[in-house]
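The values are calculated or read from the model by the stated rules, or taken from the named source; none is laboratory data. Note that the structure is predicted; figures quoted are calculated from it, not measured. So basically every Cβ, Gly included, is an ideal-geometry build from the backbone, and we count neighbours across all protein chains shown.
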Amino acid sequence: MASQRNRLGVITSGSLSEGLTARLEASESVEDMRVGKFVVVQGEKHEFFSMITDVTLEATSQKILTDPPDGDSFLQAVLAGTSTFGTLDLMPRLMLPHDLSAQLLPVKTIPRHFSPVFEAQEGDFTRVFGQEDASHFEIGRPLDMNVPVCLDLNRLVERSNGIFGKSGTGKSFLTRLLLCGVIHANVASNLIFDMHNEYGWETRAENNTFVKGLKQLFGSDVLVYTLDRRANQRNQIDGEVVIGLDQIEIEDVILLTEELNLSSTATESAYLLYDRFKQDWLRSLLEMDSEAITAFAEQSGAHPSSISALKRKLAQIPRLGFVEEKANFSSVDRMIEHLAAGRNVVLSFGPHGGSLAYMLVANLITRRIHRHWITQTERFLESKNERDRPQPLMITIEEAHKFLNPQTARQTIFGTIARELRKYSVTLLVVDQRPSSIDNEVMSQLGTRITALLNDDRDIDAVFTGVSGATGLKAVLATLDSKQQALVLGHAVPMPVVVKTRGYDEALYAAVQRRGMARTGVMLTAQEEVDELFPD
């Protein structure tokens, strides 16, 4: 293998904790050595698959640098590679045994002095990242090589994951790409809270072209529910979600503290109302006049002004177009049935894409789903019957920091899911441009992180929470282009890698064949799907 590779230099120093330093060959241009590029160090017993984390200019004598051969190209050429040279900082990521059939190993040692360094070839990448198959999905290709980098989808859905990047870097397209892989491989059901209506049906890209939504690609395997009654009337969706005041719990109010500017006593007042009125606590509060508020305050020990303030601020909730005084949960129950049976649901918020509606609905529905999956898991543990094993479920949330910030992460269902990992077969796909606003404990639990360009140092630090060797990776992340490049690291890939992300285009459409079609070739209606899944 080494004879087919281009030799770049030799190892001159290094350590297991700090990485290796290689001296560049005189024939190699330092300008060709890009941070994030992969090389292979040939040791005596192993090959070390490594990433370039820094490039440095060096000289054998400071005298040369104090009196440089300014403008003398001949003298510069004479000195290049001998008295002046480049060095590469390398971070070994995997040890590859010389036996090609042997398993890849984590790095536990380093190669000796003067071990040769070679440019990685396509065969090296294939050996490390595998090839696209039923459970491996191409997320992109290395920046300097046309070879697929694949995610192990089975490992991906074992844990919660994150997609990060500043505004305009293509997080939504990355998310849609990843969802295509998961749906196509059928390794988990997906619930997507579609805040900006970007996932179900076609949406417009920044170049004013239209790209297909998940419903168009996967047919009846993807169901679109909505909060928008007008969409329901246009027969564009599979179901409408309506929320009743009696379904809103204290936990939902706690999550909305910042959005509604609730005081520190709001939670305490809400619990007093719940103790008295149970599920009707919110409706009863909103119906109270000043006399009723005073009477309740005297009976419960609450302060009348606190109850009045809570009523005034929570009055925004019934003004939302999808909230009614009472509503049944049949549409949500139907969604749960579809998810449990292996289908995928996009919940489109339509015109109700504000933070208040998004946080209220996502938290309320996810809490109900989580309870269902807990019950199913306990049934499986008791029966040991594979038919009772819960279907793996991945829940996608945008603006994740609103649900998972340090103040609310321990009190919301999303924080619970992130910490429980796969205990109940429910995981998160968090999408955010401000990872520094997400609780550190939650960030440390994310198995795989796909990160586009970030500029804020705090956000960069947050992405690498709990990641070893983060110093070199931070330098790599800082060099990404603002479009179609991402650093992929974590549980679903053998090692961190920078990729040019796969295009969301006709080639992808052809690769992910439509699976959600009836045998006749006609798309199933929502009622036909239910009849098929749950026959009498």
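Some notes on this structure:
- Count of segment 332-366 residues which are assigned to a helix (DSSP H, G or I) and buried (at least 19 other Cβ atoms within 10 Å of the Cβ): 16
Every residue, every condition in (1) farther than 10 Å from Leu347 by Cβ; (2) modelled with pLDDT under 90; (3) under 18 Å from the mean Cα position of the chain (by Cα), yes or no:
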site	(1), (2), (3)
Ile192	no, no, yes
Asn208	yes, yes, no
Phe218	yes, no, no
Leu223	no, no, no
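- Answer from Leu262, Leu285 - the residue that is of a type outside the set (Gly, Ala, Ser), within 28 Å of Ala409 (Cα to Cα) and assigned to a loop (DSSP other than H, G, I, E, B): Leu262
To keep it simple, each residue is scored yes or no on (1) in contact with a Ser or Thr (Cβ under 9 Å, 6 or more places away or on another chain); (2) surrounded by fewer than 17 Cβ atoms within 10 Å (Cβ to Cβ).
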position: Thr226; (1), (2): yes, no
position: Glu240; (1), (2): yes, yes
position: Ile243; (1), (2): no, no
position: Asp289; (1), (2): no, yes
position: Ala295; (1), (2): no, yes
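- Selected residue (only one of Ala309, Ala340 is aliphatic (A, V, I, L, M), over 34 Å from the mean Cα position of the chain (by Cα) and on the phi < 0 side of the Ramachandran plot): Ala309
- Checking the stated criteria, Glu44 turns out to be more than 20 Å from Leu480 (Cβ to Cβ), touching a residue at least 12 places away in the same chain (Cβ under 8 Å), assigned to a loop (DSSP other than H, G, I, E, B) and not assigned by TED's automatic domain parsing to the domain that holds Ala475.
- Cβ-Cβ contacts under 7 Å between residues 6 or more apart (or on different chains), taken from a first residue in segment 485-499 that is without any contact (Cβ under 8 Å) to a residue 12 or more places away in the chain and in a strand (DSSP E or B) to a second residue that is among the acidic types (Asp, Glu) and surrounded by fewer than 22 Cβ atoms within 10 Å (Cβ to Cβ), are absent.
- Verdict on His136 being touching an Asp or Glu at 6+ places or on another chain (Cβ under 9 Å) and either modelled with pLDDT of 90 or more or surrounded by fewer than 17 Cβ atoms within 10 Å (Cβ to Cβ) (or both): yes
- For segment 389-425, the set of residues classified as at pLDDT below 85, out of contact with any Leu (no Cβ under 9 Å at 6 or more places or on another chain) and polar (S, T, N, Q) consists of Gln407 only.
- Filter pass, Arg514 being touching an Asp or Glu at 6+ places or on another chain (Cβ under 6 Å), among the basic types (Lys, Arg) and either at pLDDT below 90 or part of a helix (DSSP H, G or I) (or both): no
- Qualifying residue in segment 307-322 (condition: closer than 21 Å to Asp221 by Cα, buried (at least 17 other Cβ atoms within 10 Å of the Cβ) and in contact with a strand residue (DSSP E or B) (Cβ under 8 Å, 6 or more places away or on another chain)): no
- Filter result (closer than 23 Å to His401 by Cβ, modelled with pLDDT of 90 or more and either buried (at least 21 other Cβ atoms within 10 Å of the Cβ) or acidic (Asp, Glu) (or both)) within segment 139-170: Leu156, Val157, Ser160, Asn161, Gly162, Ile163, Phe164, Gly165
Per-residue answers, yes or no, for (1) touching a residue at least 60 places away in the same chain (Cβ under 8 Å); (2) assigned by TED's automatic domain parsing to the domain that holds Tyr424; (3) in contact with a Lys or Arg (Cβ under 7 Å, 6 or more places away or on another chain); (4) not charged (D, E, K, R):
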{"position": "Leu273", "(1), (2), (3), (4)": "no, no, no, yes"}
{"position": "Glu298", "(1), (2), (3), (4)": "no, no, no, no"}
{"position": "Lys313", "(1), (2), (3), (4)": "no, no, no, no"}
{"position": "Ala340", "(1), (2), (3), (4)": "yes, yes, no, yes"}
{"position": "His370", "(1), (2), (3), (4)": "no, yes, no, yes"}
{"position": "Phe380", "(1), (2), (3), (4)": "no, yes, yes, yes"}
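- Filter pass, Leu487 being at pLDDT 85 or above, closer than 15 Å to Thr175 by Cα and surrounded by 22 or more Cβ atoms within 10 Å (Cβ to Cβ): yes
- Selection count where residues are within 16 Å of Ile438 (Cβ to Cβ), of a type outside the set (Ser, Thr, Tyr) and modelled with pLDDT of 85 or more, scope segment 463-480: 2
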